[in-house]
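Peer 1: Mind looking over this structure? Questions follow.
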Amino acid sequence: MIETVVETQDRPDGIRVVTIDNPPVNAISAAVRTQLYDAMQAIAADGQVKGVVITGAGRSFIAGADIREFGHPPDPDARGLTETIHAVEDCGKPVVAAINGACAGGGLEIALGCHYRVAGPRALIGLPEVNLGTIPGATGTQRLPRLIGVKAALDMIVSGDLASSEKALSHCIVEAVEEDCVEAAAQLALQRPVKKLREDDSRIVDVSDDFFQTYKKGMTRRWRGFEARFRAVEAVSNILLSYEDAVAKEREIFVRQQDTAEARAMRHAFFSDREVTRHPSIPKDTPAKVIRKAGIVGCGTMGGGIAMNFANAGIPVTIMEMTEEALENGFRVIEKNYANTVAKGRISKEAMDQRMALLTGTTDYNDLADVDIVIEAVFENMDVKKKVFGILDKVCKDGTVLATNTSTLDIDEIADATSRPEAVVGTHFFSPANVMRLMENIRGAKTSDETVQTVMKLGPRIGKVAVLCGNCDGFVGNRMLYQYTRQAGFLIEEGVLPQDVDQVIFDFGLPMGPFAMGDLAGIDVGYLVRQERIKKYGRTNKREPSVADKVYHLGRYGQKVGKGWYDYEPGNRTPKPNEQITALIEQASVELGIKRRQISDDEILERCMYPLVNEGAKILAEGIAARSLDIDLVWIYGYGFPRYRGGPMHWADEIGPARILERLEYYAKERDPDWLEPAPLLREVVGRGITFKEWTDCKR
């Protein structure tokens, strides 16, 4: 029996209401397309129907394609979406879309096939296909420009953003915004004539091939590597052709783009975003503590940024510092950050004032007694952190989550400084904490399920992507980073310069290479982290790169002092190569007895990226990360790994683990036997002929 997902109801005034009812979001399944087509054919043949309203059941209009059909061959008996949209437009009766909620992708394309549109106040409207590595494929690239103009349509399609109902009204996507959008749509259907958008070229003015080329050039910096966005512009540019030819070319581009590495990567990231908080180690019925008030220890760069996340979510925050001066400095920085956001038009001055009002400063630990979670964000030193947690253990109420923002240190050792290790958890925010979306949560040996569930649920509430990891040196992100930066350090000793490495990594898609990143984070910070690791683990017999410590001892601490691996002019973050650094590197090669050589870009990329994947394999095998998707999201949201590559483990699956194994074996033999030995899990997946994702799925 075929489930009914499109229902119709006749009103006394001659309006037939067609309701899409395919829970939970009324996605466009094969059944929806076919039943909507049949409903419109029946309406066309029914002389009693004066007009039509198409709407959605529940809180959504039509939220896009049915993701349950992704990766499956199309149903040969189902109607196509373009065919269905033309049936809507050609039914012969005025058709009005009552957009009651989410209207995205194919949902908007259906609404554009209607003759008019009315939105409810909570509607969200857009064509986000580029966020899945593809383009609108059912007339959207030809209809939206005809409705709102080419430039406005391009901006909407290329960004993939969803517009509020009010913004949609200002862009003339909808005729009105009404609380009862179905009733308003019915009245409009009785008052207006049929108006086919595909026949209206009045908004297609002042466009040419030059216009589209100029538009693409303007996209280059922001969207480098995101090829789907450029293909979307190509599809829109066909508006200079006939509608029929343009729609045919749109479909060609859509089909071609669907099977690209970018589309596979973007779909992987999309599904991972939705799966990441459902961690297999947390029982589904585990409750989360209610967070009504937060505390932060430390009002420096990290502490202030973390506090802003809570204030942005409407959660009051008490920020504790050791001195009034440090507190005042921290609050000035927070206020400046908010003021910059206001100046850019992203929030109002009123919103800024409301958020600042949620922040309270103190120099007394006792003022943290009633908070539901406290996050320590002090200097990255174990002795300092243990002292802080010893105090928090005494002053905080029972049930308070005690969290540390450490980026590398042992969570269990920190927890041992308290009488309640089950309440201690790592919440590693990335800098700048008010901007970067990753929240790497670290579970200690004694951390309770309830504590873990609390921070995992807290992440999305404060605008973060929460990823759960196990406890080890560097956790997931920084542990992998060590291997990446270590090879970069060896490469400059062997023959290249920092700018050579950074350019290759930038071209690969990261926002900056390892040396520019080091300058941004602080050469001194990196040095002190290395010293802490030596203090805890001692020195190994393996060789380590030598130049970074020399740069530190020159007092070149990075961007904050205007000089690190590179030089920086005041007020300008553009890195400029420095002759002293070049000489320092060349002298280090002499001291190490290394004859400098030409190194290809391919070797630079492989030497930096393959060890990254190799360490990811070790992390999976040890259970530090439960799934390859967890590693991918850590690197996408924490380090800027290009989303269009899907994260390091997905990228490895895409290019083939066998290739990585072969190259690592070569480099381990020829270049670096200490650090490039392939991980046992890498050998296993290659031997079994599977991917890291398949290994993860089998394990579960």
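The values are calculated or read from the model by the stated rules, or taken from the named source; none is laboratory data. For clarity, every value in this text was computed on a predicted model and none was experimentally measured. A quick note on method: Cβ atoms are made from the backbone with ideal geometry, for glycine too, and the neighbour counts reach across all protein chains shown. Please note that ligands, DNA and RNA were not included when accessible areas were found on the heavy atoms of the full protein model with its side chains. Shrake-Rupley method; radii C 1.70, N 1.55, O 1.52, S 1.80 Å.
Peer 1: How much net charge surrounds residue 334 when only the other residues with a Cβ under 13 Å from the Cβ of residue 334 are counted, with Lys and Arg +1 and Asp and Glu -1? All intermediate terms of the calculation are to be shown ahead of the outcome.
Peer 2: Values: positive: 332, 336, 355; negative: 321, 328, 335, 353.
My count for the surroundings of residue 334 gives -1.
Peer 1: Skipping prolines and chain starts, which residues have an amide H placed within reach, meaning under 5 Å, of the one on residue 465, given they are 5 or more residues away or on another chain?
Peer 2: Here 438, 439 satisfy the definition.
Peer 1: Further, regarding this structure: Amide H to amide H, which residues 5 or more places from residue 117 or on other chains are under 5 Å from it, using H placed in the peptide plane?
Peer 2: Under 5 Å from the amide H of residue 117: 97, 175.
Peer 1: Here's a follow-up. Rounded to whole Å, give me the distance from the Cα center of the stretch 652-700 to that of the stretch 348-377.
Peer 2: The stretch 652-700 and the stretch 348-377 have Cα centres spaced 47 Å from each other.
Peer 1: Additional query: Quick one: net charge of residue 430's neighbours, Cβ under 9 Å, K/R +1, D/E -1? Don't skip to the answer; put the middle values down first.
Peer 2: On the way: positive: 437; negative: 440.
Local net charge: 0.
Peer 1: Can you give the FRET efficiency to the nearest 0.05 for residue 196 and residue 220, using r as the Cβ-Cβ distance and R₀ = 35 Å? Don't skip to the end; give the middle numbers.
Peer 2: Working: r = 36 Å, r/R0 = 1.03.
Calculated value: 0.45.
Peer 1: Rg/Rh for the stretch 602-650: what does it come to with C-alpha atoms and Rh from Kirkwood? Before the final figure, lay out the partial values.
Peer 2: On the way: Rg = 10.7 Å, Rh = 11.0 Å.
Rounded to two decimals, Rg over Rh is 0.97.
Peer 1: Another question, then. Which whole-Hz ³J(HN,Hα) couplings does the stretch 188-204 yield from phi under the Karplus relation 6.51 cos²θ - 1.76 cosθ + 1.60, θ = phi - 60°, glycine and proline marked x?
Peer 2: 3J(HN,Hα) across the stretch 188-204, in whole Hz: 5, 5, 7, 9, 9, x, 4, 9, 7, 5, 5, 9, 10, 9, 5, 8, 8.
Peer 1: Mind checking the per residue accessible area of the stretch 220-268 for me, 1.4 Å probe, whole number of Å²?
Peer 2: Working: 2450 Å² over 49 residues.
On a per-residue basis, 50 Å².
Peer 1: Whenever you get a sec, line up 535, 349 from highest to lowest accessible area (probe 1.4 Å, protein heavy atoms). Don't skip to the end; give the middle numbers.
Peer 2: Details: 535 135, 349 110 Å².
Ranked list, largest accessible area first: 535, 349.
Peer 1: Here is a further query. I'd like the distance between the alpha-carbon centres of the stretch 242-283 and the stretch 300-330, rounded to an integer number of Å.
Peer 2: 39
Peer 1: Shifting gears a bit: Taking all pairs of different Cα atoms in the stretch 11-114, averaging 1/r and flipping that mean, what Kirkwood radius in angstroms comes out? Can you show the working numbers first?
Peer 2: Values: mean 1/r = 0.0733 Å⁻¹.
Across the stretch 11-114, the inverse of the average 1/r is 13.6 Å.
Peer 1: On to the next question. Can you check what the net charge comes to around residue 208, using other residues whose Cβ is under 14 Å from the Cβ of residue 208 (Lys, Arg +1; Asp, Glu -1)? List each step's numbers first, then the result.
Peer 2: On the way: positive: 151, 216; negative: 206, 209, 210.
Summing Lys/Arg as +1 and Asp/Glu as -1 gives -1.
Peer 1: For the stretch 467-601, with every protein chain kept in place, what is the accessible area per residue (1.4 Å probe, Å²)? Numbers along the way, then the final one.
Peer 2: Details: 6460 Å² over 135 residues.
Value returned for the stretch 467-601: 48 Å² of accessible area per residue.
Peer 1: Using every pair of alpha-carbon atoms in the stretch 293-400, split the distances into 10 Å bins beginning at 0 and state the percent of pairs per bin, rounded to integers.
Peer 2: Answer for the stretch 293-400: a P(r) of 15, 47, 29, 8, 1 percent.
Peer 1: Once each part is reduced to its C-alpha centroid, what is the distance from the stretch 175-220 to the stretch 1-78 in angstrom?
Peer 2: Cα centroid to Cα centroid, the span is 22 Å.
Peer 1: Now, a different point. Under the Karplus relation 6.51 cos²θ - 1.76 cosθ + 1.60, θ = phi - 60°, what is the ordered set of whole-Hz ³J(HN,Hα) values for the stretch 11-24, x standing for Gly and Pro?
Peer 2: Taking θ as phi minus 60°, the curve returns 9, x, 7, x, 8, 9, 8, 9, 10, 7, 10, 10, x, x Hz for the stretch 11-24.
Peer 1: Can I ask one more? Using the beta-carbon distance between residue 301 and residue 45 and R0 = 60 Å, what value does 1/(1 + (r/R0)^6) give for FRET efficiency, to the nearest 0.05? If you can, show how the numbers build up before the last one.
Peer 2: Details: r = 68 Å, r/R0 = 1.13.
That gives a FRET efficiency of 0.30.
Peer 1: Calculated from DSSP H runs of 4 or more alone, at -39500 (n - 2.57) each and per residue, what is the 222 nm mean residue ellipticity of the chain, nearest 500? Intermediate values should be presented prior to the final figure.
Peer 2: Values: 29 runs with 341 residues, N = 700.
After summing the helix terms and dividing by the residues of the chain, the value is -15000 deg cm²/dmol.
Peer 1: Let me ask something additional. In nm, give the distance between the simple-model label positions of residue 579 and residue 346, each being 7 Å from the Cα along the Cα-to-Cβ direction.
Peer 2: 4.0
Peer 1: Using a Förster distance of 41 angstrom, determine the FRET efficiency expected from the C-beta separation of residue 3 and residue 699, and round it to 0.05. Write down the numbers at each step before the final one.
Peer 2: Values: r = 35 Å, r/R0 = 0.84.
Given R0 = 41 Å and the Cβ-Cβ separation, E is 0.75.
Peer 1: Quick one: with all protein chains in place, what share of the accessible area of the chain is carbon or sulfur, to the nearest percent (1.4 Å probe)? Working shown, then result.
Peer 2: Details: 15250 of 30200 Å².
C and S atoms contribute 50 percent here.
Peer 1: Based on the mean of other beta carbon atoms within 10 Å per residue, what is the order of 487-498, 321-332, most packed first?
Peer 2: Values: 487-498: 22.4, 321-332: 14.9.
Highest to lowest by the protection proxy: 487-498, 321-332.
Peer 1: Would you grab the residues whose amide H sits under 5 Å from the one on residue 428? Only those 5+ places off in sequence or on another chain, please, with H modelled 1.01 Å from N.
Peer 2: Amide H neighbours of residue 428: 440, 441, 442.
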